[in-house]
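What follows is a short report on a single structure.
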Amino acid sequence: MIILLHPRTGKPKNRRFPLAILSIAAVLEGHDGKAGEDYAIVDGNLDPNPGNTLDQLASGRNVELLAVSVMPGPQMVSAVELCRAFRKRYPGVPIVWGGYFPSLYTDAALNAGYVDYCVRGQGEETFPELLEALRGFRALKNVRGLSFTDAFGLHVHNAMRPLRSPNDFPWLPYHRLPVEKYLLPTFLGHRTAVHQASIGCPYRCQFCGVVPIFDGRQKTETPQRTAAVLTHLRQQYGIDAVQFYDNNFFLNESHAREQAELIAPLGLRWWAEGRIDAFLRYSDATLRAMRESGATMIFFGAESGSDKVLANMNKQITSAQTLELAARIRQFGIIPEFSFVVGDPANPEEDTRATIDFVRRIKRLNPAAEIIVQHYIPVPNPNGMYGSVEDQIRFPSTPDEWATDRWLNFTIRQDPQLPWLPRAVQRRIDNFELVINSRWPTIQDVHLPKWGRWMLQSLSGWRYALGFYGFPVELEWAQRFVALRKPRWESL
Ligand code: B12
């Protein structure tokens, strides 16, 4: 038996389909007359005690491989704990990690005594080839996208494999999960599903963790396949909303238009991530078609209000484009969610000031726009990190070190302790975020009561009006009181 493990990422009420593990499960199912593999899925977001479940599955059975999906942050912390315990009890069972953590920090992952293999990047082909290698039908060195430790204790990193379109792989085996438990209420609907129609991203923003893995490549499934999957989820499980997890859902206008027309009859409300420049190029008719197909909110990486900073990030947009989009999108009734990466290492003070001013301009143009303000934290990047901070940061060399509070806070961008970011500036960013999130509480928090919304808005109004963000103790208290303040990593 093969065990596919998706360690816990957050609170049960924010549970979503574990798409990464389901994608691997898809290729383990039987297809075209070929028998499938014997496998089980363990999801830490559903199972209150995944350690026990692993034990029940492994004791008295021949487990061939424990395969774990690991994203940086709380999921990695949970993976460390589960894998360490599993290795102790079942030392003969190999463990493979896949996902963003081992793809970005491969050596660190292999340095853990309990990680035998890492799958870098897309897993649907690498994983079955690893199984072949473990069964003696292929050499490990011939499995592209795989990393492992050789007999001399050296890390071997095989070449990456070409990216394939999700179209080339079978549908996800939703029936292997208790689907009902994953369709939870969100601001979009009562039964919200998630789907990812593409892998990778064709851009090379210097601050982004997707770039080192996919190196400016993206492959997308056809609009017909996306529509067919959503139709199945609608008919079979009654979904009424969907969150698209693509790094970049809109690439070209004809694709976006066709997609919108195909899913419109399903009557879903949806959220996705897109690019400001791509969106601005679309005609009014396309934007209207998107709205009519259920587009409710679109996340855009605006990143900064300074064109110099945007150029340094290699973002390939201008601040004027962000303002234009904020104004234009209003008439279509789609809410833009603008995300900012604040704290330019060259001049964090100036960047913070410029971005705060810029956010205020956006809010004047489109008060419904949602704002996410994040501290810039670097990720390894072979083309150089944004801010050229290579000499100022040393990443941990083991998952156990990544799992300490200091590095967990770094990953989730809460008190990241960056040598170039003065404490006072970090506090200013946090305070501004608190004021703006109180002045306009997000519509995405379905648990926030009306009175709580009203209280936050009333308390923060004067601060926002005067531009006074310092010492917002009453807002901290109020946010806690209305239970709005949850760890940042629980929302994207
Ligand atoms: C969904 C998601 C989440 C969800 C997780 C939901 C869940 N299911 O539990 C939530 C909201 C919790 C989340 C949180 C965070 N996330 Co997140 N998240 C994503 C997102 C949007 C999609 C991931 C996904 O499921 N994709 C679908 C699957 C099919 O694709 P995949 O994960 O790439 O899997 C493929 C391969 O990686 C590989 N693979 C993956 N796992 C495995 C396992 C095995 C055994 C094998 C063989 C292969 C394999 O094969 C798969 C199929 O090809 C990505 C962005 C993106 N589009 O990739 C960001 C992303 C992964 N998140 C990221 C980050 C940073 C975070 C946070 C740390 C953010 C924060 N500010 O705090 C938090 C913390 C994570 C945590 N809680 O542990 C970054 C990671 C890169 C980085 N910068 O370090 C990404 C890339 C976003 C970004 N652009 O920066 N996230």
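The values are calculated or read from the model by the stated rules, or taken from the named source; none is laboratory data. As the structure is a computational prediction, the values presented were derived from the model and not from experiment. We place every Cβ from the backbone using ideal geometry, glycine too, and count neighbours over all the protein chains shown. Each accessible area value is taken on the protein alone, full model and side chains, heavy atoms only, with ligands, DNA and RNA left out. Shrake-Rupley method; radii C 1.70, N 1.55, O 1.52, S 1.80 Å.
Just the residues that are open to solvent by 30 Å² or more (accessible area, probe 1.4 Å), more than 9 Å from the ligand (Cβ to nearest atom) and more than 17 Å from Ala159 (Cβ to Cβ), please, taken from segment 95-123. Residues satisfying the conditions are Asn111, Gly113, Asp116.
Scan segment 440-453 and give yes if some residue there is in a loop (DSSP other than H, G, I, E, B) and either assigned by TED's automatic domain parsing to the domain that holds Lys315 or closer than 30 Å to Asp215 by Cα (or both), otherwise no. No.
Here the condition is being surrounded by 17 or more Cβ atoms within 10 Å (Cβ to Cβ) and without any contact (Cβ under 8 Å) to a residue 24 or more places away in the chain; of Leu434, Leu408, Leu475, Leu459, it holds for Leu459 alone. Figure legend. Inter-residue proximity from segment 13-26: first residues in a loop (DSSP other than H, G, I, E, B), second residues basic (Lys, Arg) and more than 6 Å from the ligand (Cβ to nearest atom), beta-carbon distance below 8 Å, spacing 6+ or different chains. Indicated pairs: Arg15/Lys181.
Looking across Thr352, Thr296, one residue alone is of a type outside the set (D, E, K, R), open to solvent by less than 20 Å² (accessible area, probe 1.4 Å) and in a helix (DSSP H, G or I). It is Thr352. When His157 is tested against (1) under 30 Å from Met313 (Cβ atoms); (2) open to solvent by less than 70 Å² (accessible area, probe 1.4 Å); (3) in contact with a strand residue (DSSP E or B) (Cβ under 7 Å, 6 or more places away or on another chain); (4) not basic (Lys, Arg), only condition (2) is not met. When the residues of segment 1-25 are filtered to those that are more than 9 Å from the ligand (Cβ to nearest atom) and modelled with pLDDT of 95 or more, the one that is most open to solvent (accessible area, probe 1.4 Å) is Met1. Taken over segment 39-57, the criterion of being in contact (Cβ under 8 Å) with a residue 12 or more places away in the chain and among the charged types (D, E, K, R) is satisfied by Asp43, Asp55. Could you look through segment 193-232, keep only residues that are under 17 Å from Ser23 (Cα atoms) and among the basic types (Lys, Arg), and pick out the one that is most open to solvent (accessible area, probe 1.4 Å)? Per the stated criteria, the residue is Lys219. When Thr149, Thr126 are checked against the criterion of being open to solvent by less than 10 Å² (accessible area, probe 1.4 Å) and of a type in the set (Ser, Thr, Tyr), a single residue qualifies: Thr126. Filter segment 299-339 down to the residues that are under 18 Å from Leu268 (Cβ atoms) and more than 22 Å from the chain's Cα centre (by Cα), then identify the one that is least open to solvent (accessible area, probe 1.4 Å). Among those residues, the one meeting the criterion is Phe332. The numbered conditions (1) in a loop (DSSP other than H, G, I, E, B); (2) farther than 13 Å from Pro348 by Cα; (3) within 15 Å of the ligand (Cβ to nearest atom) are all true for Asn409 except (1). When residues of segment 279-303 are filtered for being under 20 Å from Thr442 (Cβ atoms) and hydrophobic (A, V, I, L, M, F, W, C), how many remain? Selection size over segment 279-303: 6. For segment 202-224, a residue qualifies if it is among the basic types (Lys, Arg) and either in contact with a strand residue (DSSP E or B) (Cβ under 9 Å, 6 or more places away or on another chain) or near the ligand (Cβ under 9 Å from one of its atoms) (or both), and the qualifying residues are Arg217, Lys219.
Collect the residues in segment 68-93 that are open to solvent by 30 Å² or more (accessible area, probe 1.4 Å) and either more than 9 Å from the ligand (Cβ to nearest atom) or farther than 20 Å from Val210 by Cβ (or both), keeping them in residue-number order. Across segment 68-93, the qualifying residues are Val77, Glu81, Arg84, Ala85, Arg87, Lys88, Arg89, Tyr90, Pro91, Gly92.
Search segment 132-151 for residues being among the small types (Gly, Ala, Ser) and more than 16 Å from Ile95 (Cβ to Cβ), and hand back the single one that is modelled with the lowest pLDDT. Looking at residues that are among the small types (Gly, Ala, Ser) and more than 16 Å from Ile95 (Cβ to Cβ), I get Ala151. Regarding segment 48-67, can at least one residue be identified that is open to solvent by 40 Å² or more (accessible area, probe 1.4 Å), under 30 Å from Asn247 (Cβ atoms) and among the aliphatic types (A, V, I, L, M)? Checking segment 48-67: not a single residue is open to solvent by 40 Å² or more (accessible area, probe 1.4 Å), under 30 Å from Asn247 (Cβ atoms) and among the aliphatic types (A, V, I, L, M). Out of Glu37, Glu29, which single residue is within 14 Å of the ligand (Cβ to nearest atom), surrounded by fewer than 19 Cβ atoms within 10 Å (Cβ to Cβ) and among the acidic types (Asp, Glu)? Answer to the check: Glu37. Look at (1) at pLDDT 95 or above; (2) open to solvent by less than 30 Å² (accessible area, probe 1.4 Å); (3) under 28 Å from Arg360 (Cα atoms) and you find that Glu273 fails only one, number (2). For segment 182-192, which positions are open to solvent by 40 Å² or more (accessible area, probe 1.4 Å) and more than 13 Å from the ligand (Cβ to nearest atom)? Once the filter is applied, which keeps residues that are open to solvent by 40 Å² or more (accessible area, probe 1.4 Å) and more than 13 Å from the ligand (Cβ to nearest atom), segment 182-192 yields Pro185, His190, Arg191.
Tell me, please, whether a residue that is over 25 Å from the mean Cα position of the chain (by Cα) and more than 16 Å from Leu287 (Cα to Cα) can be found in segment 245-256. No - not one qualifying residue is present in segment 245-256.
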